[in-house]
1. Restricting attention to the stretch 270-286, which residues are among the small types (G, A, S) and either within 15 Å of I247 (Cα to Cα) or assigned by TED's automatic domain parsing to the domain that holds S139 (or both)?
2. Of all residues in the stretch 182-198 being charged (D, E, K, R) and assigned to a helix (DSSP H, G or I), which is surrounded by the most Cβ atoms within 10 Å (Cβ to Cβ)?
3. Within the stretch 45-74, can you find the residues that are of a type outside the set (A, V, I, L, M, F, W, C) and farther than 21 Å from P302 by Cα?
4. Could you tell me whether G39 is out of contact with any Leu (no Cβ under 8 Å at 6 or more places or on another chain) and either of a type in the set (D, E, K, R) or in a loop (DSSP other than H, G, I, E, B) (or both)?
5. Has the stretch 158-165 got any residue that is at pLDDT 95 or above, of a type in the set (A, V, I, L, M, F, W, C), surrounded by 14 or more Cβ atoms within 10 Å (Cβ to Cβ) and not in a loop (DSSP other than H, G, I, E, B)?
6. For the stretch 238-266, give me each residue that is small (G, A, S) and touching a Phe, Trp or Tyr at 6+ places or on another chain (Cβ under 6 Å).
7. From the list R333, R313, R289, which residue is at pLDDT 95 or above, crowded, with 22+ Cβ neighbours inside 10 Å and either of a type in the set (G, A, S) or in contact with a helix residue (DSSP H, G or I) (Cβ under 8 Å, 6 or more places away or on another chain) (or both)?
8. Mind listing just one residue for me: the one in the stretch 217-270 that is free of Cβ contacts under 8 Å to residues at least 24 places away in the same chain and assigned to a loop (DSSP other than H, G, I, E, B) and, of those, surrounded by the most Cβ atoms within 10 Å (Cβ to Cβ)?
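The values are calculated or read from the model by the stated rules, or taken from the named source; none is laboratory data. Note that the structure is a prediction, hence the values are computed from the model and not measured. Virtual Cβ from ideal backbone geometry, glycine too; neighbours counted across all protein chains shown.
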Amino acid sequence: MICMTGSKREVAAKTVGGVIGLAEPSEAAASPPPFLLDGAVLLASARSGISIVARHVAPGCVWMPSYLCRSMLEAVSHAGARVELYAVDETLNSVDPDWPAEVAPGDLVVVIDYFGFAYDRTCIARVKKRGAWILEDASQALLSDRDGSAHFVLYSPHKFLGVPDGGILVAGRDANLPDLKLEPPPSSWWLDAFRARILRRDFDSRGGSREWLELFQHVEATSPNGAFAMSELTQLLLRRCFDYEAIRRQRVENYNVLSAGLREYAVFPTLGDGVCPLGFPMRTAKRDRVRRRLFSHEIYPPVHWALDGVVPRRFSASHRLSAEIMTLPCDQRYCARDMQRVIEQVSEALKAE
């Protein structure tokens, strides 16, 4: 799984990015899952976890950052909660250090560990002093270290690993989760998710059509939002099929290669201690041109996230970032040679007039 060599690796390296193919079965993992803690609620999707927490604490208001995915707002809406946005700047930090003063006791404040980097802990401490609940969205930070300061933490393993589904909701020391009766995930949705992962695994091995891409996009768009359980297959894979330390190490090494070659464009030039990146976020006014060139060379950087129609235009810093950001893949399927290929193509696109 970690940067293979030989002919099979050369075929797999042709396409960089996109959904990770289904993991191969294994008798035992080389390291225990650091995120599967006692008492964790194992869900079909992370989106469901936001709704569950919002219903559980019944806040007067849910505060969410102005840079976020549409699905997060949909999850809160599904819970029937009122939403207020707080502004973050183009470095994904809070614009106004005094905004926590607007938070009322019993409110729910959502913070995001963008791209694997922990949110400002000082801000979290101030919000907790106001008597609010904290939900840390660690969907992009599955293997990053955390300090346990949030009341609830939410993980999304399928963003990092070859599993068909999954969201993990964990309560901190000073919180609890409701007793839930989880239903099996919708069968048609889950089968599509499973098939997308198989198709991508086969594509990496043998090439062929990209049917997996459209199918995965459909799966993401229709992810269930309710008390649905993580599939038994995903639970088994998470517990027995991954060397998490090796995955973390490879992602860090790949990120550092990209940062060395593209540092001036990096949103986060340096990885802090304990950070395991989702990808390498970079920004440039030539973003769309660069993506077109990368696409033509079988490199597919996603945009996290498009905000038009999602976040009001008054959050101008978030919209400026959204117009220029893209995430270069640096996951465990690739190695330094692959990252150099990405750097070369990005550099060529940036030089073009």
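1. Residues of the stretch 270-286 that are among the small types (G, A, S), as a first pass: 272, 274, 279, 285.
Once the filter is applied, which keeps residues that are among the small types (G, A, S) and either within 15 Å of I247 (Cα to Cα) or assigned by TED's automatic domain parsing to the domain that holds S139 (or both), the stretch 270-286 yields G274, G279.
2. Residues of the stretch 182-198 charged (D, E, K, R): 183, 192, 195, 197.
Those left that are additionally assigned to a helix (DSSP H, G or I): 192, 195, 197.
On the way: D192: 16, R195: 17, R197: 24.
Out of the qualifying residues, it is R197.
3. Going residue by residue through the stretch 45-74, those that are of a type outside the set (A, V, I, L, M, F, W, C) are 45, 47-49, 51, 55-56, 59-60, 65-67, 70-71, 74.
Result: S48, G49, S51, R55, H56, P59, G60.
4. Judged against the criteria, G39 is not a match.
5. Going residue by residue through the stretch 158-165, those that are at pLDDT 95 or above are 158-165.
Cutting the leftovers down to of a type in the set (A, V, I, L, M, F, W, C) gives us 160-161, 163.
Now drop any that are not surrounded by 14 or more Cβ atoms within 10 Å (Cβ to Cβ), which leaves 160-161, 163.
Subsequent filtering for residues that are not in a loop (DSSP other than H, G, I, E, B) retains none.
Looking for residues that are at pLDDT 95 or above, of a type in the set (A, V, I, L, M, F, W, C), surrounded by 14 or more Cβ atoms within 10 Å (Cβ to Cβ) and not in a loop (DSSP other than H, G, I, E, B), one finds none in the stretch 158-165, hence no.
6. Applying the first criterion (small (G, A, S)) to the stretch 238-266 yields 246, 259-261, 266.
Correct list: empty.
7. Numbers: R313 fails: crowded, with 22+ Cβ neighbours inside 10 Å; R289 fails: crowded, with 22+ Cβ neighbours inside 10 Å.
After applying the criteria, what remains is R333.
8. That would be P269.
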